[in-house]
Amino acid sequence: MPPRQTTTAGAPVADNQNSLTAGPRGPVLLQDWQLIEKLAHQNRERIPERVVHAKGWGAYGTLTITHDISRYTRASLFSAVGKQTEMLLRFSTVAGEQGAADAERDVRGFAMKFYTEEGNWDLVGNNTPVFFVRDPLKFPDFIHTQKRHPQTNLRSPTAMWDFWSLSPESLHQVTILMSDRGLPVAPMFMNGYGSHTYGMWNAAGERVWVKFHFKTMQGHRHYTNAEAAQVIGQSRESYQEALFGGIQRGEFPRWKMQIQVMTEEQAEQTPFNPFDLTKVWPHADFPVIDVGVLELNRNPRNYFAEIEQAAFSPSNFVPGIGASPDKMLQARIFSYADAHRYRLGTHYEALPVNAPKCPFHHYHKDGAMRFFQNDTGNPDAYYEPNSMGGPVQDPSVAEPPLRIQGDADRFNHREGNDDFSQPRALFNLFDAGERQRLFGNIAAAMGGVPQHIVDRQLALFDQVHPEYGAGVRAALKG
Ligand code: NDP
Ligand code: HEM
């Protein structure tokens, strides 16, 4: 026997097939509150999509620590070899809307929420180690070039290349985007990167700077543009099918978690700014250190509740992990929680997928959808300080002080900054086939772009490597 259908108020429903009407031909009576409630609920089934990274795919998993890094961090999830922490991972494309096709050339989001014993740690990264801009003042401009043109409502290659050709710091990320890795076959066949430099501090209060890497254990697999066009012709949901279907079949994708570590003293000596999001730390100078293995092994039961309503924020740190001076990171620390309050509401962190799995005690109070108990153990303790035994701060988790210096000013981030060496190092890694595909992908993406913009971009490619500019020129002619 199936369970008895009820209203949202719990009353049994007598008829879910026929509206309440005056006579068999109608009209409908206003007092058919079940009909009205169904229609009203339907009108409220959509929430704003994410302003970026709207199309996504996610699953739950586990991080298992295989190597001891407690000398760098006191974060509880890294406290012992063998330790396991439950986590959620949402992959996404950046520019496409919620209904966009999965197999489109774009950067992929790689957003992780670790439900640790000392709160949720969110590492909201991408499948690339760098980004298009290094100053957050340029992020909204950049995103405007990726979204639709205000008049045509079409994507605008002119806007993209206009912005990129005027922003040489984008060269590194543009090269990755237009290379093979710009179009992975499915989420399990790509790496994830924390991208920013983060801080870590250990039990003795000593800080180091770190980069986070998640290396695919399935191997890298990519589509060419032509292959992707075929895939999209058959399915717009190839990532969801691959990820959800794979996990359903018991094929659990895995990534090797690694970090790079830089001391505060080393950070003062690198030839590049180690807090610049358009730069990587060369592996030869800062070798990767194994940390653990991430495995996705559980599909969400309800996509909307657990993936669409998931709220990741770079502001979610735990003791032992913190921010760095990266300007982009500071902007993100503001931006995401602000976006969540707009997209999901004031108490978005009380939703089951976002709520910590450890005990939590805060003093936030009322507002829309206040459906949870703060559970301070005492209804009188709703402010702090109080003499009712309410929760109190714990100075033992304080981050060590960071020495900063300098005049407050708007410093020109393009002055004296080498935007070419690292894209060159990447270009030098590409074999002949990879280079040809890079040239072809760029030429294809430049269709319809005015010549003066193309020329300005070609001059930038020339500065990375003469063969880079020449290759794109040849592909444009071909
Ligand atoms: P290494 O040769 O030590 O490292 C090369 C890195 O590049 C590896 O992490 C590798 O990732 C990745 N890589 C290899 N082929 C490609 C490709 N076709 N597209 C994108 N990434 C690729 O050199 P360096 O550390 O000196 O870095 C050289 C360049 O490699 C950098 O300028 C940067 O563009 C790129 N890179 C560097 C990373 C870093 O953290 N140092 C991270 C990712 C890219 P994998 O191990 O998965 O094959
Ligand atoms: C999503 C802002 C840079 C990765 C978002 C969202 C905003 C945003 C507002 C939507 C959040 C939501 O509605 O849930 C910014 C700003 C940036 C920036 C202001 C720079 C100043 C970056 C960088 C990365 C990144 C550098 C990766 C290294 C992501 C990911 C998501 C996202 C993965 C989707 C998260 C999810 O799956 O829910 N960003 N972003 N962003 N951003 Fe950024």
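Please go through region 275-330 and give me each residue that is more than 16 Å from ligand 1 (Cβ to nearest atom), over 20 Å from the mean Cα position of the chain (by Cα) and of a type in the set (Val, Ile, Thr), ordered by number. If the condition is that a residue be more than 16 Å from ligand 1 (Cβ to nearest atom), over 20 Å from the mean Cα position of the chain (by Cα) and of a type in the set (Val, Ile, Thr), then no residue fits.
For region 411-424, the criterion of being within 16 Å of ligand 2 (Cβ to nearest atom) and either loosely packed, with under 12 Cβ neighbours inside 10 Å or outside any helix (DSSP H, G or I) (or both) is satisfied by at least one residue.
ILE307 meets the conditions (1) farther than 18 Å from THR62 by Cβ; (2) within 16 Å of ligand 2 (Cβ to nearest atom); (3) not polar (S, T, N, Q) in every case but one. The failed one is (1). Checked against the criterion of being under 30 Å from VAL293 (Cβ atoms), within 16 Å of ligand 2 (Cβ to nearest atom) and touching a strand residue (DSSP E or B) at 6+ places or on another chain (Cβ under 8 Å), region 168-177 has no qualifying residue. Taking the stated definitions as given, is PHE163 outside any loop (DSSP other than H, G, I, E, B) and within 29 Å of ARG74 (Cα to Cα)? So PHE163 does not fit the description; no. Within region 186-225, restricting attention to residues that are part of a loop (DSSP other than H, G, I, E, B) and buried (at least 20 other Cβ atoms within 10 Å of the Cβ), the residue that is nearest to ligand 1 (Cβ to nearest atom) is ASN191.
Restricting to helices (runs of 4 or more DSSP H) lying wholly in region 425-478: which have 3 or more residues that are without any contact (Cβ under 8 Å) to a residue 12 or more places away in the chain? Show your work before the answer.
Working: elements: 432-445, 451-464, 466-477.
The helices (runs of 4 or more DSSP H) meeting that bar are 451-464, 466-477.
Taking each residue of region 162-178 that is farther than 15 Å from GLN463 by Cα and looking for partners that are of a type in the set (Lys, Arg) with beta-carbon atoms closer than 9 Å, six or more apart or interchain, yields ASP162/ARG456; PHE163/LYS138; LEU177/ARG105; MET178/ARG105; MET178/ARG437. The set of residues in region 258-291 that are within 16 Å of ligand 2 (Cβ to nearest atom) and in a strand (DSSP E or B) comprises ILE259, GLN260.
Take the conditions (1) away from ligand 2 (no atom under 16 Å from the Cβ); (2) outside any loop (DSSP other than H, G, I, E, B); (3) charged (D, E, K, R); ARG301 misses just one of them, which is (2). Has region 237-256 got at least one residue that is over 20 Å from ILE442 (Cα atoms), part of a helix (DSSP H, G or I), within 16 Å of ligand 2 (Cβ to nearest atom) and not hydrophobic (A, V, I, L, M, F, W, C)? Checked region 237-256: at least one residue is over 20 Å from ILE442 (Cα atoms), part of a helix (DSSP H, G or I), within 16 Å of ligand 2 (Cβ to nearest atom) and not hydrophobic (A, V, I, L, M, F, W, C). Taking the criterion of being part of a loop (DSSP other than H, G, I, E, B) and under 19 Å from HIS41 (Cβ atoms), the residues of region 1-13 that qualify are GLN5, THR7, THR8, ALA9, GLY10, ALA11, VAL13. Restricting region 105-138 to residues that are more than 9 Å from ligand 2 (Cβ to nearest atom) and more than 17 Å from the chain's Cα centre (by Cα), which is surrounded by the fewest Cβ atoms within 10 Å (Cβ to Cβ)? Ranking the qualifying residues of region 105-138, first place goes to GLU117.
Filtering region 218-251 to residues that are within 18 Å of ARG298 (Cα to Cα) and out of contact with any helix residue (DSSP H, G or I) (no Cβ under 8 Å at 6 or more places or on another chain) leaves GLN240, GLU241, PHE244, GLY245, ILE247, GLN248, ARG249, GLY250, GLU251.
Residue by residue, here is whether (1) modelled with pLDDT of 95 or more; (2) within 16 Å of ligand 1 (Cβ to nearest atom); (3) under 26 Å from ALA425 (Cβ atoms) holds:
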| site | (1), (2), (3) |
| --- | --- |
| PHE91 | yes, no, no |
| ASP106 | yes, yes, yes |
| PHE110 | yes, yes, yes |
| ASP135 | yes, no, yes |
| LYS147 | yes, no, no |
| MET160 | yes, no, yes |
| LEU166 | yes, no, yes |
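Do you know which residues across region 214-226 are free of Cβ contacts under 8 Å to residues at least 60 places away in the same chain and at negative phi? Passing the criteria: LYS215, THR216, GLN218, HIS220, ARG221, HIS222, ALA226. When ALA337, ALA355 are checked against the criterion of being in a loop (DSSP other than H, G, I, E, B) and either in contact with a Cys (Cβ under 9 Å, 6 or more places away or on another chain) or among the small types (Gly, Ala, Ser) (or both), ALA355 stands alone in meeting it. The single residue among LEU35, LEU39, LEU30, LEU20 that is surrounded by fewer than 18 Cβ atoms within 10 Å (Cβ to Cβ), touching an Asp or Glu at 6+ places or on another chain (Cβ under 8 Å) and more than 21 Å from ASN302 (Cα to Cα) turns out to be LEU20.
Out of TYR60, TYR72, report the one residue that is within 41 Å of the chain's Cα centre (by Cα), surrounded by 17 or more Cβ atoms within 10 Å (Cβ to Cβ) and outside any loop (DSSP other than H, G, I, E, B). Walk me through how you get there before you give the answer.
Details: TYR72 fails: outside any loop (DSSP other than H, G, I, E, B).
The unique qualifying residue is TYR60.
The values are calculated or read from the model by the stated rules, or taken from the named source; none is laboratory data. Just so we're clear, the structure is a prediction, and the values are computed from it rather than from any experiment. So basically every Cβ, Gly included, is an ideal-geometry build from the backbone, and we count neighbours across all protein chains shown.
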